Amino acid sequence: MKLAVIEGDGIGREVIPEAVKVLDAFGLDIEKVPLELGYARWEKVGTAMSNKDLETIKGCDAVLFGAVTTVPEPNYKSLLLTIRKELDLYANIRPIKPLPGVVGITGKSDFDLIIVRENTEGLYSGIEGIGPEISWTKRIVTRRGSERIAEYACKLAKQRKNKLTIVHKSNVLKSDHLFLDVCRRTASDHGVEYGDMLVDSMAYSLMIHPEKYDVVVTTNLFGDILSDMCAALVRSLGLVPSANIGEKYAFFEPVHGSAPDIAGKGIANPFAAILCIKMLLEWMGEPHYLIIDEAIADVLQKKIVTPDLKGTARTIDVGNAVAEYVIKNI
Ligand code: ATP
């Protein structure tokens, strides 16, 4: 197994080394391939990522990614979008589950849901026209794209509560009829219990009754917005991991960005990055991946937490404590 490790910029450089420390605690045979990509690299050599870097990434099985600061170039093509497209990472997965004892802004803690977002088409098609009077973006929904994300979501639902919610806006967007039809038929073929919601009602309902949902499947932009919104349910972006999965490759990244306001201070919360390791281990089929949940519960109980969770620990203290727990309990 070969893992590309891209710390990127800002707090990516602080949280990823802690995540790698936790991964190393499992003592697995993983070859790590470090790559310097992002804003800092662009400042040095004028490019955030080269074709050679992309080839190196394609030579790996999976990627662990921190965060990159957007490069201020008018024609800058998002590095993340490029990697997602090149590796055909069609499923974006975000588990939304509170950490033990950590309550989000709504005060609720009785939920455990996963957002499955189609990651390659929809309004992120890249087919756009920009003009002084009119600008447009083409929203693409294909049968194949809808089928594979629906399949992914149904397989996940079957491992959980066998319950799927399809989120769309088909009352306004005709392109969503295809997505909705395909998701309904796939769920029915798999024997998965399903319902559907308009995205606006879903946004409201997720804030009031997140416990009603288990696996939620939706198109690209809706998934992007809903999943960031759901980070507030578990308190903050600093606690939510994500995975981008394709047929061949997988890419793991914390949901938060490079957080320039706290970068370099050593106080970033590494939980989201460490939870990415849990997702990576699960994807690899490593049976002990749930130890990471136990380890995080243990350090939370000991109050070894960073200032965003009202603690005084530093990023490195949290990483050390989680890694020590894994080493002792594996
Ligand atoms: P970018 O431009 O890279 O997206 P950003 O600052 O706009 O950066 P985030 O990095 O997601 O967006 O940060 C949003 C807020 O959440 C910031 O105030 C940041 O300090 C805080 N934050 C994000 N991640 C963490 C973390 N891991 N630990 C503590 N605070 C965090």
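The values are calculated or read from the model by the stated rules, or taken from the named source; none is laboratory data. These figures come from a predicted structure and were not determined experimentally. So basically every Cβ, Gly included, is an ideal-geometry build from the backbone, and we count neighbours across all protein chains shown. Note: areas computed on protein heavy atoms with side chains; ligands, DNA, RNA excluded. Shrake-Rupley method; radii C 1.70, N 1.55, O 1.52, S 1.80 Å.
Per residue of the stretch 306-313, in order, report the coupling 6.51 cos²θ - 1.76 cosθ + 1.60 (Karplus, θ = phi - 60°) as ³J(HN,Hα) in whole Hz, putting x for Gly and Pro.
7, x, 4, 9, 6, x, 10, 6
If Lys and Arg each add +1 and Asp and Glu each add -1, what is the summed charge of the other residues whose beta carbon sits under 9 Å from the beta carbon of L290? Each step should come with its number before you reach the end.
Numbers: positive: K278; negative: E282, D293, E294.
Local net charge: -2.
How much area per residue is accessible in the chain when the probe is 1.4 Å and only protein heavy atoms are counted (Å²)?
Per residue, the chain has 45 Å² of solvent-accessible surface.
Stokes-Einstein diffusion coefficient for the stretch 103-234 at 20 °C in a medium of 1.002 mPa s, Rh from the Kirkwood formula over Cα pairs: what value in µm²/s?
The diffusion coefficient I find is 140 µm²/s.
In deg cm²/dmol and to the nearest 500, what is the mean residue ellipticity at 222 nm of the chain if only DSSP H runs of at least 4 residues count, each as -39500 (n - 2.57), divided by the residue total?
That comes out to -12500 deg cm²/dmol.
Which ³J(HN,Hα) values in Hz, rounded to whole numbers, follow from the phi angles of the stretch 40-51 under the Karplus curve 6.51 cos²θ - 1.76 cosθ + 1.60, where θ = phi - 60° and Gly and Pro get x?
For the stretch 40-51, the Karplus curve yields 4, 5, 4, 4, 6, 10, x, 9, 7, 7, 9, 4 Hz.
Amide H to amide H under 5 Å from D196: which residues, 5+ apart in sequence or cross-chain, H placed 1.01 Å off N in plane?
For D196, whose amide H was placed from the backbone, the distant partners under 5 Å are I166.
Ignoring ligands, DNA and RNA, what percent of the 1.4 Å accessible area of the stretch 140-227 is carbon and sulfur?
54
Averaging over all projection directions, find the projected area of the Cα convex hull of the chain and quote it in nm² with one decimal place. Show your work: numbers first, answer last.
On the way: hull surface 68.8 nm².
Computing the convex hull of the Cα atoms and averaging its projections yields 17.2 nm².
Among DSSP beta bridges whose residues both lie in the chain, state the antiparallel percentage, nearest 5.
Once the DSSP bridges in the chain are tallied, antiparallel ones form about 40 percent.
Extension gain E73-E36, at 0.36 nm per residue separation less the Cα-Cα distance, in nm? Show your work: numbers first, answer last.
Numbers: separation 37, 0.36 × 37 = 13.32 nm, distance 1.88 nm.
11.4 nm is the gain from fully extending E73 to E36.
Which entries in the list K52/K77; K32/K108; K155/K212 go over 27 Å, if you measure between the two C-alpha atoms of each?
Checking Cα-Cα distances, K32/K108 exceed 27 Å.
Quick one: Cα centre-to-centre distance for the stretch 76-144 and the stretch 9-67, in angstrom?
21
Efficiency by 1/(1 + (r/R0)^6): what FRET value for M1 and K302, r their Cβ-Cβ distance, R0 = 25 Å, to the nearest 0.05?
0.20
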